[in-house]
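Below is one structure, written out as structure tokens; comments come after it.
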Amino acid sequence: MVEGEFEPEWLIDAGKVFRKEVKDKTGEDLRVVVAKGHNHVSLNWALSTGEGEEWAEEVIEWLR
């Protein structure tokens, strides 16, 4: 899961509930990647700009 550093609290709470449901049903702990300096929208807009893409590099490493 990817969440922005500046997500609204209600969205962070929703992510926690989602991760708990996944853990309860599958036993798997979902990894959380925090996109530093971003909110829910800006993290996607940063892709291919060369700035603020560190979170995407973490995701790529996780996929490998």
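The values are calculated or read from the model by the stated rules, or taken from the named source; none is laboratory data. Everything numeric in this text was worked out from a predicted model, so none of it was measured. Cβ placement follows ideal geometry from the backbone for every residue including glycine, while neighbour counts extend to all protein chains displayed. When the accessible area is computed, the model is the full protein with side chains, heavy atoms only, and any ligands, DNA or RNA have been set aside. Shrake-Rupley method; radii C 1.70, N 1.55, O 1.52, S 1.80 Å.
Points to keep in mind about this one:
- Residue list for region 1-40, restricted to those being outside any helix (DSSP H, G or I), without any contact (Cβ under 8 Å) to a residue 24 or more places away in the chain and open to solvent by 80 Å² or more (accessible area, probe 1.4 Å): 28, 29
- Subset of region 32-64 [within 14 Å of residue 7 (Cα to Cα) and hydrophobic (A, V, I, L, M, F, W, C)]: 32, 33, 34, 35, 41, 43
- Region 41-64, residues that are free of Cβ contacts under 8 Å to residues at least 24 places away in the same chain and assigned to a helix (DSSP H, G or I): 44, 45, 54, 56, 57, 60, 61, 63
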